[in-house]
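Student: Would you mind keeping the following structure in view while I ask a few things?
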Amino acid sequence: MTHTRYAFIKAQWHADIVDRALEGFLQLIPAEQVDVFDVPGAFEMPLLAQELARTGKYASVACAAFVVDGGIYRHDFVAQAVVDGLMRASMDTGVPVLSVSLTPHQYQETEHHNAIYRAHFVEKGREAANAALTITRTREAALAA
């Protein structure tokens, strides 16, 4: 079965930066083929990704978040848990779950850093869209063989 829909989950923590990933994603995949879901933060993405993947409606699920170093170790634990959860969701459902989750260690809330990360998230969104399209084609070819 060829899927032509994609899910895109985005964390609302630092939404002004994270939302740029969706912009990049939509540069390669038409908006009409993308269902967008907002969650409070990165930690909430894996469960929703798994639930969406289990519906069978999506060729892949992309997840975007920005987990910043606030001077305590918490960001490392959150980032690791999120990436592990996204991979587990993918493996458990057989649907690719793509991560556009970044964890910079030297982020400061300045206009300069915000501009750098906004642009970076656009690029990462394009990369996720390219990965989604590529893995969809590869899986279709493998199943047809």
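The values are calculated or read from the model by the stated rules, or taken from the named source; none is laboratory data. Since the model is a prediction, treat every value here as computed from it, not as a measurement. Please note: Cβ atoms are built from the backbone with ideal geometry, for glycine as well, and neighbour counts cover all protein chains shown. Ligands, DNA and RNA are stripped out before the accessible areas are found, and what is left, the full protein with its side chains, is counted by its heavy atoms. Shrake-Rupley method; radii C 1.70, N 1.55, O 1.52, S 1.80 Å.
Student: Take the alpha carbon gyration tensor of the range 1-65, find the square roots of its eigenvalues, order them as a ≥ b ≥ c, and report rounded if a/c is under 1.5; if not, report prolate when a/b exceeds b/c, else oblate.
Tutor: Numbers: a/c = 3.02, a/b = 1.26, b/c = 2.41.
Oblate, since a/c reaches 1.5 and b/c is not below a/b.
Student: Is it possible to state the helix-based mean residue ellipticity at 222 nm for the chain, with each DSSP H run of 4+ residues giving -39500 (n - 2.57), the sum divided by total residues, to the nearest 500 deg cm²/dmol? What is it? Write down the numbers at each step before the final one.
Tutor: On the way: 4 runs with 76 residues, N = 145.
Taken over the chain, the calculation gives -18000 deg cm²/dmol.
Student: How far, in degrees from 0 to 90, does helix 74-93 lean away from the longest principal axis of the Cα atoms of the chain, to the nearest 10?
Tutor: 0 degrees
Student: Moving on. Using mean Cβ contacts within 10 Å as the protection proxy, how do 90-98, 55-63 order, highest first?
Tutor: With the highest mean Cβ count within 10 Å placed first, the list reads 55-63, 90-98.
Student: Treating the angle as unsigned and between 0 and 90°, give the value, to the nearest 10°, between the Cα long axis of helix 111-144 and the longest Cα principal axis of the chain.
Tutor: 20 degrees
Student: Tell me the relative contact order for the chain as a rounded percent, counting alpha carbon contacts under 8 Å between residues six or more apart.
Tutor: Reported as a whole number, the value is 32 percent.
Student: Can you give me the P(r) profile for the chain? Cα pairs, bins 10 angstrom wide beginning at 0, each as a whole percent.
Tutor: Spelled out per bin, shortest first, that is 12, 43, 32, 10, 2, 0.
Student: Please work out the FRET efficiency for the pair T134 and R54, using the Cβ-Cβ distance as r and a Förster radius of 25 Å; give the result to the nearest 0.05.
Tutor: Values: r = 23 Å, r/R0 = 0.91.
So, using R0 = 25 Å, E works out to roughly 0.65.
Student: Right, another one. In the chain, what percent of the accessible surface is made up of carbon and sulfur (1.4 Å probe, ligands and nucleic acids excluded)?
Tutor: Looking at the chain in its full context, I get 57 percent from C and S.
Student: Say we join alpha carbon atoms closer than 10 Å with springs in a Gaussian network model of the chain; which of V122, V18, V36 then has the biggest fluctuation?
Tutor: V36
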